[in-house]
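Report on the structure given below.
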């Protein structure tokens with residue numbers, strides 16, 4: 001009898017884990033349990049479908065359950081696993097027990113809910129399940145006013161999308177500047193301006209006090225420190241919290257963020273049990289402090305590692321340097337590792353190298369200013385973080401910088417890096433080089449000023 | 001409260017206190033670009049004792065201390081490149 005692998009969760013990490021496990025070991029019997037009816041869709045695309053930048057929701061479905069079945073997976077859709085017995089090696093779903101030899105948990109995340117009065121009213125929307133999003137999209141046709149709550153990037157994306165859809169959008173957050181948990185003020189400023197250009201009313205430093213409902217039990221206003229904001233819907237975009245209820249029930253070790261502790265093979269504290277995606281914590285490459293709530297691409301890669309290892313391979317996952325990026329209105333911001341604010345909070349010493357260049361030859365139509373800010377370790381000038389903003393090419397630069405930072409690149413390396421010069425796609429003088437050169441010049445000046 | 005819960009709470013509170021202090025300091029470098037924060041303040045212990053003390057201790061020492069307290073990840077290879085150390089190629093097994 002072939003070995004049985006059970007994967008719980010049908011998001012990016014679960015789907016990747018099941019697929020790769022089967023690919024690595026075709027003799028493995030792989031069963032995937034998901035509480036949802038759909039598989040392999042892009043939840044990250046939901047805001048853009050609401051904003052009509054993606055014309056149809058069906059474009060977000062990348063594959064079908066049937067295709068996975070044809071690939072040899074035992075797909076149990078709309079089937080919630082309610083219990084796991086590690087001693088007997090069984091999972092319980094729909095009151096039936098299923099045996100397993102190996103288990104991968106990919107139970108994802110739950111949205112943080114605001115602890116204020118009225119948080120249980122109808123009309124409070126959380127972006128997650130695509131079926132719910134499709135229903136919500138139809139409701140949007142009859143809505144005029146939305147309040148978006150929370151300063152994480154989904155809130156920014158949803159604000160832009162709803163404004164494009166023609167709604168009157170109020171964005172509120174307690175922080176002193178947009179995305180202050182992640183972004184520095186100089187990067188937040190153009191991002192906020194881009195949202196405002198779309199018509200979003202951005203209210204920073206605004207506290208959520210509660211939700212007020214109408215006679216129908218549906219939210220009609222959001223009470224804030226800036227007054228009452230009338231609305232047809234409130235979109236809540238607070239933090240992602242690891243969904244560890246099953247993991248806790250079987251006694252898996254949780255870490256300092258309340259997420260499942262794994263090693264570099266995605267192994268949990270229980271033998272024969274792996275975990276991947278939003279329910280685990282992984283170390284930041286710079287500090288080795290565990291972090292959680294990363295991107296879909298991280299979840300996908302972790303799922304691949306867990307799946308391969310459960311199938312008998314020996315793959316490792318590196319500590320993360322977290323390239324990130326997204327659109328705020330029509331503007332792109334991004335970064336990797338840490339920015340000034342986080343470096344300051346962690347007390348990590350740094351020097352800053354800043355520069356502004358262009359994304360392609362300045363005479364070529366479509367050239368956009370590209371702002372680069374790099375953080376380097378004093379002395380060695382080793383790259384430890386950065387934030388960028390502008391138009392095209394921000395994403396690729398952030399990916400590149402995260403990779404070279406992981407490999408120990410310094411400002412010297414970047415100042416003399418090679419780059420592509422081709423007028424339609426790249427400028428003669430790469431913006432990263434400009435920032436690094438400026439940083440070196442600043443560093444040299446500072447050294448000259450030190451008395452002997 | 002278990003040791004794990006204590007560590008979780010310690011991390012949560014200390015991070016929040018340090019974040020508030022950093023938001024204030026970094027915000028001052030960019031005058032006119034920030035609003036008045038509505039984030040709930042922290043108590044005097046965190047504000048007047050913990051944050052200044054944390055900032056006085058060198059990063060390398062702090063990092064060691066976090067490691068000793070098992071606040072950093074375990075079961076992961078010690079980072080290939082220590083902070084402050086130039087890059088070196090991965091060890092070859094052959």
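The values are calculated or read from the model by the stated rules, or taken from the named source; none is laboratory data. Given the structure is predicted, the values throughout are model-derived calculations rather than measurements. Note that we place each Cβ from the backbone using ideal geometry, even for glycine, and neighbour counts take in every protein chain shown.
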Note on residue B:54: of the conditions (1) at the interface with chain A (Cβ under 9 Å from one of its Cβ atoms); (2) part of a loop (DSSP other than H, G, I, E, B); (3) touching a helix residue (DSSP H, G or I) at 6+ places or on another chain (Cβ under 8 Å); (4) at pLDDT below 95, unmet is (2)
If you go through A:395, A:373, the only one that is modelled with pLDDT of 95 or more, surrounded by fewer than 19 Cβ atoms within 10 Å (Cβ to Cβ) and under 27 Å from the mean Cα position of the chain (by Cα) is A:395
Over region A:411-440, the set of residues surrounded by 20 or more Cβ atoms within 10 Å (Cβ to Cβ) and within 14 Å of chain B (Cβ to nearest Cβ) is A:411, A:414
### Task
With respect to residue A:261, determine if the residue is away from chain B (no Cβ under 13 Å) and in contact with a strand residue (DSSP E or B) (Cβ under 9 Å, 6 or more places away or on another chain).
no
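Keeping to region A:293-307, report how many residues are in contact with a helix residue (DSSP H, G or I) (Cβ under 7 Å, 6 or more places away or on another chain) and more than 22 Å from residue A:239 (Cβ to Cβ).
Of the residues in that region, 3 qualify.
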Taking region A:320-358 and keeping residues in contact (Cβ under 8 Å) with a residue 40 or more places away in the chain, over 15 Å from the mean Cα position of the chain (by Cα) and not in a strand (DSSP E or B) leaves A:329, A:330, A:339, A:340, A:341, A:342, A:343, A:346, A:348
Scanning region B:9-38 residue by residue, the ones that are at the interface with chain A (Cβ under 9 Å from one of its Cβ atoms), closer than 30 Å to residue A:254 by Cβ and surrounded by fewer than 18 Cβ atoms within 10 Å (Cβ to Cβ) total 3
Examine region A:1-11 for a residue that is farther than 18 Å from residue A:301 by Cβ, out of contact with any strand residue (DSSP E or B) (no Cβ under 6 Å at 6 or more places or on another chain) and modelled with pLDDT under 95, and state whether such a residue exists.
yes
Filtering strands (runs of 3 or more DSSP E) wholly in region A:21-114 for at least 3 residues that are in contact (Cβ under 8 Å) with a residue 40 or more places away in the chain gives A:29-33, A:74-76, A:81-85, A:102-105, A:109-111
Of the residues in region A:116-138, those that are more than 25 Å from residue A:12 (Cα to Cα) and in a helix (DSSP H, G or I) come to A:138
Apart from one, (1) buried (at least 23 other Cβ atoms within 10 Å of the Cβ); (2) modelled with pLDDT of 95 or more all hold for residue A:72; the odd one out is (1)
Worksheet entry | Any hit, region A:311-318, residues being within 28 Å of residue B:50 (Cα to Cα) and either under 22 Å from the mean Cα position of the chain (by Cα) or assigned by TED's automatic domain parsing to the domain that holds residue A:181 (or both) | no
| said: Please verify whether residue A:390 is in contact (Cβ under 8 Å) with a residue 12 or more places away in the chain, surrounded by 21 or more Cβ atoms within 10 Å (Cβ to Cβ) and at positive phi, treating the condition exactly as stated. | reply: yes
A careful count of residues in region A:271-302 that are outside any helix (DSSP H, G or I), away from chain B (no Cβ under 13 Å) and modelled with pLDDT of 95 or more gives 7
| Residue check: is residue A:163 modelled with pLDDT of 95 or more and touching a helix residue (DSSP H, G or I) at 6+ places or on another chain (Cβ under 9 Å)? | yes
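Each row is one residue, and each column tells you yes or no for (1) part of a loop (DSSP other than H, G, I, E, B); (2) away from chain B (no Cβ under 12 Å); (3) modelled with pLDDT of 95 or more.
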site: A:178; (1), (2), (3): yes, no, yes
site: A:183; (1), (2), (3): yes, no, yes
site: A:186; (1), (2), (3): no, no, yes
site: A:210; (1), (2), (3): no, yes, yes
Only unsatisfied item for residue A:318, checking (1) under 26 Å from residue A:289 (Cβ atoms); (2) crowded, with 22+ Cβ neighbours inside 10 Å, is (2)
